[in-house]
1. Just the residues that are away from ligand 1 (no atom under 16 Å from the Cβ) and in a strand (DSSP E or B), please, taken from the range 517-544.
2. As an exercise: evaluate I394 against (1) out of contact with any Phe, Trp or Tyr (no Cβ under 6 Å at 6 or more places or on another chain); (2) in a loop (DSSP other than H, G, I, E, B) and give the number of the one condition it does not meet.
3. Has the range 327-341 got any residue that is surrounded by 22 or more Cβ atoms within 10 Å (Cβ to Cβ) and closer than 21 Å to G382 by Cβ?
4. When you go through A537, A511 one by one, which is the residue that is open to solvent by 50 Å² or more (accessible area, probe 1.4 Å) and modelled with pLDDT under 95?
5. Do we have any residue at all in the range 308-319 that's crowded, with 21+ Cβ neighbours inside 10 Å, more than 30 Å from the chain's Cα centre (by Cα) and more than 16 Å from ligand 1 (Cβ to nearest atom)?
6. Would you mind stating whether T437 is under 18 Å from T505 (Cβ atoms), more than 14 Å from ligand 2 (Cβ to nearest atom), in a loop (DSSP other than H, G, I, E, B) and open to solvent by 10 Å² or more (accessible area, probe 1.4 Å)?
7. Collect the residues in the range 375-398 that are farther than 10 Å from A558 by Cβ, of a type in the set (S, T, Y) and either buried (at least 24 other Cβ atoms within 10 Å of the Cβ) or more than 9 Å from ligand 2 (Cβ to nearest atom) (or both), keeping them in residue-number order.
8. Do you know which residues across the range 213-238 are under 30 Å from T293 (Cβ atoms) and either in contact with a Pro (Cβ under 6 Å, 6 or more places away or on another chain) or not in a loop (DSSP other than H, G, I, E, B) (or both)?
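The values are calculated or read from the model by the stated rules, or taken from the named source; none is laboratory data. The shown structure was predicted, so the numbers you read here are calculated from the model rather than taken from an experiment. Here the Cβ positions follow ideal geometry from the backbone for every residue, glycine too, while neighbour counts run over all protein chains shown. Keep in mind that these areas ignore ligands, DNA and RNA; they rest on the heavy atoms of the full protein, side chains included. Shrake-Rupley method; radii C 1.70, N 1.55, O 1.52, S 1.80 Å.
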Amino acid sequence: MPLTLELNFPSSLEDLSKLKLMSKSTLSFVLMSIGLLIFAMLPKASATLIKSFQGGSPAKQSKKKAEPQWWVIPILNATVSLIFATSVFSHLNSPHSLHPVIWSACIVYFLGFFGIGFVDSHELQSRPSVFGLSDLVRKEAAKTEPLRRKNEGGYEHDFVKVCGGGEFGKSQPPIAIAVPTSPSGYKSLSNEELANLVLSQQIKDHTLEKILNPKRAVQVRRIVFSKTLQDHTAIESIPSEPSLDYSKVYGANCEICVGYIPLPVGMAGPLMLNGEKVFIPMATTEGCLVASTNRGCKAITASGGCKAFIVNDGITRAPCLKCLSAEQAVALAKWSEGEGSQALKNSFESTTSFGKLVGIKPTVAGKNVYLRLKCFSGDAMGMNMVSKGALALISTLLAKFPDVVLVALSGNMCTDKKPSAINWIEGRGKSVVIECTIKKEVVDKTLKTTVDKIVDVNLQKNLIGSAMSASVGGYNAHAANNVTAVFLATGQDPAQNVESSNCITLFEKNAEGDLWMSCTMPSIEVGTVGGGTGLAAQSACLKAIGVKGGGEAPGDNAKKLAMVVAGAVMAGEISLIAALAANTLVSAHMAHNRKK
Ligand SMILES: CC(C)(COP(=O)([O-])OP(=O)([O-])OC[C@H]1O[C@@H](n2cnc3c(N)ncnc32)[C@H](O)[C@@H]1OP(=O)([O-])[O-])[C@@H](O)C(=O)NCCC(=O)NCCSC(=O)C[C@@](C)(O)CC(=O)[O-]
Ligand SMILES: NC(=O)C1=CN([C@@H]2O[C@H](COP(=O)(O)OP(=O)(O)OC[C@H]3O[C@@H](n4cnc5c(N)ncnc54)[C@H](OP(=O)(O)O)[C@@H]3O)[C@@H](O)[C@H]2O)C=CC1
């Protein structure tokens, strides 16, 4: 028995049916189709609606997630269509159920919009592959006539038109971009075309070195940033040519590289150090600093020079381990510095051909054990070396104590790049003491003050003053100035100036009335291989000192560099203290540190 339904259309629809244009059921099908057509347009309208709710103005929108969550559109449309179906129902005034056509249309409708919504959002969320457009973008692009051309390199490219937010949060105007049909095609694109690929998020900025080469990556990235930065000209003022050897930079010193910062380098000296005259390269923008250090070098050298000694040598890393109990923590600490120490040493040293584990010092805090590992690192400063070795040591330790957890490879008792008493007391890197005696006549002629005044200023300032400020390691005038200047010039890790600047400066008047002085610096972290020491300018500065690369015996060059740093600090100390004693600090800086 076919299911039929007496449809009583309301008056307006009644008139239509009287025209006998078509049967009532066909009429309802036509109406539903029109309705569905309208709702088929709804997702775009609703997406725009949602976006405007979510994102406010278009400019703000690009900052927010541009597309609504995948489930929003289908839910919204299902709700709207339910309202639509209910209203049709009430209008049809049907005493029973809806016409089968309407039911089937609604079901098709729901399936369609759930499905499309899901597919759409899945597509939208799929990241463009590094080597090509995402399928969705390709589909979009297919709507515009794909331009295909061969370039001089014979590579074929799809030129497709894409719009949409650039990686840098600004919505880019629609642009035609070349998309190579193969990964190797990228090299044949122009820098401009590659920049467009980055801006339209078709390739990730930080993969440029891989896709191209380090030098060209910088060139392309500079175009990207010239289009992205608020001040489009800013990037041009960051020099990049004559180029730094970006193949050395990439994978060792800097990511997302756009150039380099040129820093003035002054050459102080000569400083007679351990019987040898050395010149000290200093990269700084503080006028007066090199002049002051130069004056200190002159005073020291004119008095016979200075002598420096390495008191200790070992870079440290202190992983934090969490035990089940304090009891276990104590057991682990005892094992690691006792019966287990050789096994730990072997595993550490299996990761390096230069590094030697020279100490394990556990500190227990409740369930925690901080293992301060000390490593002789040859001519490397050694932070990567000691960290890599620590990781291997930890795996041996955890095999012995399986329920102990490694909280962090760096537990902050190392202590790297932060002020701490442990570096001041225990030392880190090279511990250096340096001394000299400056003749009283040199104090008078070159330093323009007297021995007594210098001794007094140092006592009141560097000792009592620093004590009253509860300083840790800061019993000096400006050790950090020269540590940082030499670090920057020679490719050290500038952040390690924090602990490397630990210094106590001492003065005494000797029996001859001359001025004895020393600087004691327990934690100078330097290397002559690794890190930034391989870059051309930095390497040249190391060469100027005579410490480029590995030493005759591993560590010789790094030790010498540490002593040169201490020499530079001592020269700076004597000159500044003298200037403070003579009260010429400000006049000197007005003369050298403020452009007339
Ligand atoms: C600026 C000087 C050296 C002048 O010192 P001066 O004695 O008036 O100058 P001079 O013309 O008589 O020359 C004496 C020697 O100084 C050197 N010298 C002299 N001029 C130059 C120059 N242009 N370039 C290179 N070297 C220079 C040079 O060795 C020269 O010998 P010469 O070569 O003529 O036989 C002196 O006044 C001085 O050293 N002042 C101290 C400045 C200083 O140390 N500043 C450090 C930074 S301040 C800071 O950041 C730390 C602070 C202060 O905040 C830390 C704290 O809280 O204490
Ligand atoms: N990882 C971290 O937690 C931290 C890293 N750093 C960074 O670490 C870098 C420095 O690490 P570092 O390990 O010194 O250097 P590198 O990571 O550059 O490694 C230097 C490597 O050079 C080899 N080498 C060749 N000749 C010598 C020699 N004569 N003496 C010693 N080693 C030699 C050694 O290899 P091998 O050991 O294989 O034999 C050594 O490990 C800096 O860039 C610094 O900024 C700074 C702070 C923390």
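1. Within the range 517-544, S518, T520, M521, P522, S523, I524, V529 meet the criteria.
2. (2)
3. Yes, there is a match, as at least one residue in the range 327-341 is surrounded by 22 or more Cβ atoms within 10 Å (Cβ to Cβ) and closer than 21 Å to G382 by Cβ.
4. Of the residues listed, the single one that is open to solvent by 50 Å² or more (accessible area, probe 1.4 Å) and modelled with pLDDT under 95 is A537.
5. The answer is yes, given that some residue of the range 308-319 is crowded, with 21+ Cβ neighbours inside 10 Å, more than 30 Å from the chain's Cα centre (by Cα) and more than 16 Å from ligand 1 (Cβ to nearest atom).
6. Spelling it out, it is not the case that T437 is under 18 Å from T505 (Cβ atoms), more than 14 Å from ligand 2 (Cβ to nearest atom), in a loop (DSSP other than H, G, I, E, B) and open to solvent by 10 Å² or more (accessible area, probe 1.4 Å).
7. S395, T396
8. Residue satisfying the conditions is S237 alone.
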